[in-house]
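Accompanying notes for the structure given below.
The values are calculated or read from the model by the stated rules, or taken from the named source; none is laboratory data. Here the structure is a predicted model, which means the values were calculated and not measured. We place every Cβ from the backbone using ideal geometry, glycine too, and count neighbours over all the protein chains shown. The accessibility values were calculated without ligands, DNA or RNA, using every heavy atom of the protein model including side chains. Shrake-Rupley method; radii C 1.70, N 1.55, O 1.52, S 1.80 Å.
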Amino acid sequence: IFSWEGSTMAQVKVLFFASAREAADDTSSTTMELKQDEANTNALRKALAERYPKLSALVLDEENITLALNEEYVPSGQVLPLKDGDTVALIPPISGG
């Protein structure tokens, strides 16, 4: 049995809310696989933009989408590592009136 260091994949559950759900073809959740050694919130944003082109403008701009990693907000400008089994929520800005 061969073991390639860095070849392990991290499966991350992604939850979509509000306009993010609409841009992701009305998908409420999906599972993304990222290489474990490259798995972070930036890589996830890029992978989601590739999978869901209509979501691209939202997900690549931190001002448009806030991420929550395992129910904790990811501060703007921070890139956090992801591991197998993590859950990330995409939370668009909430506007009220």
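Specify the angular offset, from 0 to 90 degrees and rounded to the nearest 10, of the alpha carbon long axis of helix 41-51 from the longest principal axis of the alpha carbons in the chain. Helix 41-51 and the main axis of the chain meet at about 80 degrees. Relative to the current alpha-carbon distance between Asp26 and Tyr73, full extension at 0.36 nm per residue lengthens the span by 14.6 nm.
Considering the zone a paramagnetic label at Thr8 would reach in this model (a point 7 Å from Cα along the Cα-to-Cβ line), which residues of region 16-57 have amide N under 18 Å from it? Answer for this model: 32-41.
As a test of the formula, what do you get for the chain when each DSSP H run with n ≥ 4 contributes -39,500 (n - 2.57) and the sum is divided by the residue count, at 222 nm and rounded to the nearest 500 deg cm²/dmol?
Numbers: 3 runs with 21 residues, N = 97.
Dividing the helical sum by the residues of the chain leaves -5500 deg cm²/dmol.
Enumerate by residue number the trypsin sites (Lys or Arg not before Pro) in region 46-97 meeting two conditions: DSSP loop (anything except H, G, I, E, B), and at most 16 other Cβ atoms within 10 Å of the site's Cβ. Don't jump to the answer; show the numbers that get you there.
On the way: sites: Lys46, Arg51, Lys54, Lys83; in loops: Lys83.
For trypsin sites (Lys or Arg not before Pro) across region 46-97 that sit outside H, G, I, E and B with at most 16 neighbouring Cβ atoms in 10 Å, the list reads Lys83.
Surface composition of the chain: carbon plus sulfur atoms contribute 50% of the solvent-accessible area (1.4 Å probe, protein chains only, all chains present).
Of the residues Tyr52, Thr87, Ser76, the one whose Cα sits farthest toward the positive end of the charge dipole of region 51-90, with +1 on the Cβ of Lys and Arg and -1 on the Cβ of Asp and Glu, is Tyr52. A run of the chain free of exposed loop cleavage sites, with chymotrypsin sites (Phe, Trp or Tyr not before Pro) counted only in DSSP states other than H, G, I, E and B and at most 12 other beta carbons within 10 Å, reaches its longest extent at 5-97. Restricting attention to region 42-77, which GluC sites (Glu not before Pro) occupy a DSSP loop and are surrounded by at most 10 other Cβ atoms within 10 Å? Answer by residue number: Glu63, Glu71. For the chain, the solvent-accessible area with a 1.4 angstrom probe is 64 square angstrom per residue.
Rounded, prolate or oblate, given the Cα gyration tensor of region 23-63, with a/c below 1.5 counting as rounded? Could you put the intermediate results ahead of the total?
Numbers: a/c = 2.33, a/b = 1.37, b/c = 1.70.
Because a/c hits 1.5 or more and a/b fails to exceed b/c, region 23-63 counts as oblate.
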